1. For region 14-55, name all the residues that are more than 16 Å from Q215 (Cα to Cα) and acidic (D, E).
2. For region 102-116, name all the residues that are in contact with a strand residue (DSSP E or B) (Cβ under 6 Å, 6 or more places away or on another chain) and either without any contact (Cβ under 8 Å) to a residue 24 or more places away in the chain or among the β-branched types (V, I, T) (or both).
3. Give region 23-60 a look and list any residue that's more than 23 Å from A147 (Cβ to Cβ) and within 20 Å of the chain's Cα centre (by Cα), or say none.
4. What is the number of the single condition among (1) crowded, with 21+ Cβ neighbours inside 10 Å; (2) in contact with a strand residue (DSSP E or B) (Cβ under 6 Å, 6 or more places away or on another chain); (3) farther than 30 Å from I316 by Cα; (4) not aliphatic (A, V, I, L, M) that R128 does not meet?
5. Under 7 Å between Cβ atoms, which residue pairs at least 6 apart in sequence (or on different chains) link something in region 66-85 that is in contact (Cβ under 8 Å) with a residue 40 or more places away in the chain and more than 20 Å from V210 (Cα to Cα) with a partner that is among the polar types (S, T, N, Q) and not in a helix (DSSP H, G or I)?
6. For I253, indicate whether it is within 25 Å of Y185 (Cα to Cα), among the β-branched types (V, I, T), touching a residue at least 12 places away in the same chain (Cβ under 8 Å) and assigned to a helix (DSSP H, G or I).
7. I'm trying to understand the selection: among the residues of region 173-205, which are modelled with pLDDT under 90 and either over 29 Å from W40 (Cβ atoms) or of a type in the set (G, A, S) (or both)?
Amino acid sequence: MLKVLITGANGFIGSHIVDMLLKEKYNVTCILRKKSNLKWIQNLPIKYVYGDLDDKNFLETIINSVDIVIHCAGIVRAVTKNEYFKINVKNTRNLCQAILKININLKKFIFISSQAAMGPSSSCANIRKISDRESPISDYGLSKLAAESEIRKLFLKKVPYIILRPATVYGPRDKDVLIFFNLVYKHIRLLTTTKRLLQLVFVDDVAKAVINCLQNEKINNNTYYLANYNTYTWSDMGKIIASSARIRTIPFIIPDFMFKFAGVISEIFSYVLKKPMILNKQKIVEMLQKYWIADTRPTEIDMNIKFTSLEVGSRITYNWYLANRNFMK
């Protein structure tokens, strides 16, 4: 039984990867901080090790006896650019260096990056390919791209790796896309004044892609986008979620300036409270891009994956939110 070490196991995506690893009978060890919330992974047949990714001695201690590393830990929002780079880049470098020093025979390293590392498309016809030049527009995207560069540079011809770039991820346990589902629950469907297209990926598909990476030797040292190939406007998302939930909705149009204003207000609160908010100006800039479209066909071919349709994924997600009382009255 292969021994898998996973970072970020207690998070939204990480916990689903853990579920899939156990289903496939892998021996799972999770790196956690002492204050980590174990809600989604408690009482599972996994091993917990407590430590920090900026502690090189700790990493060298626990990296020795594993066959595979899945690096899912990171931050999607921070108060400063330095914080993004400290967590997303420096910690990734520390992990890679520990592997090179202690476990050079590691079978595989999988990194969960983001579509933000590539950046948006210039038009609906410009479907971003892995071979295209990256142009991230946020500190988060820049930090993910820098982390990818560290992996490629350090592991070149030494350790097999795979980099995965999910689009917007949704599914049970998520808190970010929950707002769309919650509005539909209240019979409201968001619209923007400008038509925007984006891709989505159901969280189980991310977990399945990780499993495929573990079992597929032909895709080593490559980067892949993870997303349903279809693109959606915000209105499309609302309509599909509403149809899945069998709820009638009314359209609610929000002009762009309202999003920008919300980003400014959120940043003020972030500065005063010294902690990141769900929204900030950079997040709003990403949200207001017209096109987030990436080429996922190589993923479908190389991994033999069929991504879950939004119709199916939204039904599963809505029913989970409903059953777990996640909707606000």
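The values are calculated or read from the model by the stated rules, or taken from the named source; none is laboratory data. Please read all numbers here as calculations on a predicted model, not as lab measurements. As a convention, Cβ positions derive from the backbone with ideal geometry for all residues, glycine included, and neighbour counts pool all protein chains shown.
1. Across region 14-55, the qualifying residues are D19, D52, D54, D55.
2. Listed by number, the residues that qualify are I110, I112.
3. The answer is N37, L38, K39, W40, I41.
4. (3)
5. R77/N280
6. So I253 fails the test.
7. Of everything in region 173-205, those that are modelled with pLDDT under 90 and either over 29 Å from W40 (Cβ atoms) or of a type in the set (G, A, S) (or both) turn out to be L191, T192, T193, T194, K195.
Let's see how each residue does on (1) modelled with pLDDT under 75; (2) under 18 Å from the mean Cα position of the chain (by Cα):
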residue: I265; (1), (2): no, no
residue: V272; (1), (2): yes, no
residue: P276; (1), (2): yes, yes
residue: I284; (1), (2): no, yes
residue: M287; (1), (2): no, yes
residue: W292; (1), (2): no, yes
residue: D295; (1), (2): no, yes
